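Only one structure is covered here, and it is reproduced in the block below.
What follows draws every value from the coordinates through simple rules; no lab data is involved. All of these numbers come straight from a predicted model, not from anything done at the bench. Cβ placement follows ideal geometry from the backbone for every residue including glycine, while neighbour counts extend to all protein chains displayed.
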Amino acid sequence: MFKPVEIAPGIYSVGCRDWDIRDFHGYSTYEGTSYNAFLILDEKNVLIDTVKKEFAQELLDNISKIIDPADIDVVISNHTEMDHSGALTTVMKRIGSDKTVLCSKMGLKNLNSHFPGKLNLRAVENGEELCLGKRTLAFMETRMLHWPDSMFTYAKEDKILFSSDAFGQHYAGDCAFDDEIGERVMDHAAKYYANILLNYSTKVQGLLTSVQASGLEINMICPDHGVIFRKDPGAIIAKYDQWSRQECSRKAVIIFDTMWKSTAVMAREVAKGIESRDVHVRLMNTRKCHRSDIMTEVMDAKALVVGSPTLNNGIFPVVADVLTYIKGLRPQNRLAAAFGSYGWSGEAVKILNREFEAMKMEVIHEGLKVQYVPEPGDLENCFSMGKDIADKIIETS
Amino acid sequence: MSKYECPCDYVYDPAEGDFENGIEAGTAFEDLPDSWVCPLCGAEKEFFEKLD
């Protein structure tokens, strides 16, 4: 945004929107993203988080529309990653290099690695409070959500949670709040969860349980990307609960690539077989669909069906790219099956099965491989494999 | 025997071992196989820090 938005009396959203970014470290951001930062005015003025390095001036301009940046007393860094602290040293020159930057214990290590000796850092303890005058801020360590340094800052009187990357969405648009953007926010939030947080689902469950047990009231959630949840923060918390349980729907995703269309033809037949049992199926060609969109579909799919031609005794490189990505995000409790065509040596299915086992997936079919071009009998086998996959999905859901 | 902490907050306690991954109680961190990784976040042994 090019002007600050007052989100509560004396609390402003002062971050920047990155309208142009379409590739966020390998995550497709069709609607850009935002780097949110928040200014709290009190007896002590506080800035929570900064922005990507190249947006430093825009952040300072936004702050200057409310107060002189030099009047900020304390800066809080909830997360070291460079989209939130890249501008830190530039911004601190304007605020005052001697002013304190508060962060978590791991934040201290990580910020020191990025900016050795350039910041006056102090690590806060988990649960530590900071009195600003009328307001009190409390710090919550949230390691691995999604970096070791991640923490939340909670404004106690206003019941506002500044949640760093958690609950974020890569979205730069004309909306600043959940009630403005509407239902669409959940599609963005789901993609964010699938691609950034899925592998830390156990930690998310732990956090949600401890937040519930502590009785923490939350009127508003301010993440570091995308819109602020002011109308219904409970809705995104409920979604995080659902996603972190890794609950799947009756759905299969067929991830495939093809060289001379044989594996593509097989993929369609497998899909027909799955669909014949009224189980949802998505066909995703790895050169047509972005890996981060595939991951979003994988998040709630019970079965992963992967088709790859054999190329030079291995799996197709683009399929390998997507599989490596999925593996790192650690989807749990999934079913899997492989298929693919080959010319003279057909290792792909065997390699895929090994990968499924490494991902602790239940391989429910030995796999189908077809030399050169599938014949009618091969297509029947593909259809039949699809049916078996669907039946297993129904049986286990 | 010392405990070791992963960047993700997991602490390897030799008194407990890591039963789920086949590490018996009483195994020193130094004696863990090189293939052992953090059961929570997957980080390798070299990223762990010794706790006092």
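The stretch between A:ASP20 and A:LYS261 holds 83.3 nm of extra length on full extension. This uses 0.36 nm per residue minus the Cα-Cα distance. Beta bridges per DSSP, both residues in the protein assembly as shown: antiparallel share near 50 percent. Annotation: amide H-H contacts under 5 Å for B:LYS3 (H modelled 1.01 Å from N, sequence separation of 5 or more, or interchain): B:LEU51. Modelled spin-label separation between B:GLU24 and A:GLU217, with each label point placed 7 Å from Cα along the Cα-to-Cβ direction: 5.5 nm. In terms of its C-alpha gyration tensor, segment A:271-397 comes out oblate, because a/c is 1.5 or above while a/b does not outweigh b/c. Rounded to the nearest 10 degrees, the angle from helix A:376-396 to the longest Cα principal axis of chain A is 50 degrees.
Any idea what the relative contact order of segment A:163-268 is, in percent, if you count C-alpha pairs under 8 Å spaced at least 6 apart? Reported as a whole number, the value is 36 percent.
Does chain A come out rounded, prolate or oblate, given a ≥ b ≥ c as the square roots of the eigenvalues of its C-alpha gyration tensor, rounded meaning a/c under 1.5 and, failing that, prolate meaning a/b above b/c? In terms of gyration-tensor shape, prolate.
Seen against the Cα atoms of chain A and their longest principal axis, helix A:233-244 is set at about 40 degrees.
Annotation: amide H-H contacts under 5 Å for A:ILE228 (H modelled 1.01 Å from N, sequence separation of 5 or more, or interchain): A:PHE177, A:ASP178.
Once the Cβ-Cβ distance of A:ASP391 and B:ALA15 is raised to the sixth power relative to R0 = 60 Å, the FRET efficiency obtained is 0.80. With contacts taken as Cα pairs under 8 Å at a separation of at least 6 residues, segment A:295-338 carries a relative contact order of 59 percent. Within segment A:290-397, the GluC sites (Glu not before Pro) that combine a DSSP coil assignment with at most 13 other C-beta atoms in a 10 angstrom radius are A:GLU366.
In debye to the nearest 20, how big a dipole does the protein assembly as shown give about its Cα centre with +1 on each Lys and Arg Cβ and -1 on each Asp and Glu Cβ?
With only Lys, Arg, Asp and Glu charged at Cβ, the dipole is about 840 debye.
Restricting attention to segment A:17-167, close to 65% of DSSP beta bridges with both partner residues there are antiparallel. Here the Karplus curve 6.51 cos²θ - 1.76 cosθ + 1.60, taken at θ = phi - 60°, turns the phi angles of segment A:295-300 into couplings of 4, 4, 6, 5, 3, 10 Hz, with x standing for Gly and Pro. Our analysis of chain B gives Rg over Rh at 0.90, with the two radii drawn from alpha carbon positions and Rh computed by the Kirkwood formula. Under a 5 Å amide H cut-off, with hydrogens placed 1.01 Å from N, A:ILE67 pairs with nothing among residues at least 5 apart or on other chains.
Distance from the C-alpha centroid of segment A:299-319 to that of segment A:329-384: 8 Å, rounded to the whole angstrom. Compared with the dominant Cα axis of chain A, that is its longest principal axis, helix A:348-358 is turned about 40°.
Using C-alpha pairs below 8 Å separated by at least 6 residues, the relative contact order for chain A is 12 percent.
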